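These notes are about the structure you will find just below.
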Amino acid sequence: MFKDLQEFWGKPIFGSKAVKVKAKLELERHNVWRELIIPLNMTFREFHKALQIVFGWRDYHLHEFYIYSDEVYKNRDYKPVVRLVGNEEAFDVPTEIETKLERDIVLSEYIPYYRKLKYIYDFGDNWQIYIDIEDVTENYELNHPVCLDGEGDAPPEDIDGETAYENFLKAVENVKASQNFMVRIIAAARGYREFDIAIVNNELKWYCVQS
């Protein structure tokens with residue numbers, strides 16, 4: 001239908017500013033990152049959903065965003081401008097940083113003026129993803145994010161941190177060697193899968209249609 005409308009009008013029916021971002025999962029022994037193009041008319045809630053998809057998670061746990069200025073302050077870190085949270089319970093945690101609900105805040109309110117973000121998912125496992133704005137596209141023709149590139153497989157849900165993830169990967173490698181299908185089933189049940197950009201982009205497109 002969108003294609004037919006585009007042919008009728010003779011021009012793209014969607015058009016918005018977008019940014020290319022690189023999202024890197026902080027792991028000591030593994031290089032896990034995704035490069036995305038994200039429409040700036042998306043909300044941070046929708047951005048959270050997109051990050052869940054590209055890293056293969058299932059949105060089981062709490063999360064939050066931090067947006068940083070270029071100003072360097074304590075311990076040579078960048079200064080946080082605002083903390084965006086997914087639920088009102090997060091306001092019970094005292095912090096010096098201004099805190100807002102992410103739900104209705106569109107990316108363009110902060111991006112690309114601010115070009116550094118951090119996304120934290122699962123406060124138990126404490127997965128931290130550092131996000132850098134790499135480029136700006138003035139007229140993005142799609143209404144959903146696209147994964148442009150990526151490397152590495154993200155930890156599955158409820159793995160209990162990076163050390164446990166290392167042990168999990170060793171078990172998965174042994175499985176590949178021994179063809180122990182039961183362990184493979186357990187790994188799949190936790191949501192673990194190898195990064196496949198085609199599958200990721202299909203899910204990003206489908207999520208946008210469903211939203």
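Just one of the listed residues (LYS116, LYS79) is under 18 Å from LEU40 (Cβ atoms), touching a strand residue (DSSP E or B) at 6+ places or on another chain (Cβ under 9 Å) and basic (Lys, Arg), namely LYS116. Is it the case that the range 119-137 has a residue that's modelled with pLDDT of 95 or more, on the phi > 0 side of the Ramachandran plot and assigned to a loop (DSSP other than H, G, I, E, B)? Taking every residue of the range 119-137 in turn, at least one turns out to be modelled with pLDDT of 95 or more, on the phi > 0 side of the Ramachandran plot and assigned to a loop (DSSP other than H, G, I, E, B).
Across the range 1-28, the qualifying residues are those that are in contact with an Asp or Glu (Cβ under 7 Å, 6 or more places away or on another chain) and among the charged types (D, E, K, R), and the one among them that is modelled with the lowest pLDDT is GLU28. The number of residues in the range 43-56 that are modelled with pLDDT of 95 or more and in a loop (DSSP other than H, G, I, E, B) comes to 1. A Cβ distance below 9 Å, combined with a sequence gap of six or more or placement on separate chains, defines the contacts here; from the range 126-140, residues that are closer than 15 Å to PHE47 by Cβ and open to solvent by 50 Å² or more (accessible area, probe 1.4 Å) reach residues that are among the β-branched types (Val, Ile, Thr) and in a strand (DSSP E or B) in the pairs ASP132/VAL21. Residue count for the range 93-118 under the criterion of being part of a strand (DSSP E or B) and either open to solvent by less than 40 Å² (accessible area, probe 1.4 Å) or touching a residue at least 60 places away in the same chain (Cβ under 8 Å) (or both): the result is 4.
The values are calculated or read from the model by the stated rules, or taken from the named source; none is laboratory data. All figures in this text were calculated on a predicted structure; none of them were measured in a lab. Please note: Cβ atoms are built from the backbone with ideal geometry, for glycine as well, and neighbour counts cover all protein chains shown. The protein model used for the area step is the full one, side chains on, heavy atoms only, and it has no ligands, DNA or RNA in it. Shrake-Rupley method; radii C 1.70, N 1.55, O 1.52, S 1.80 Å.
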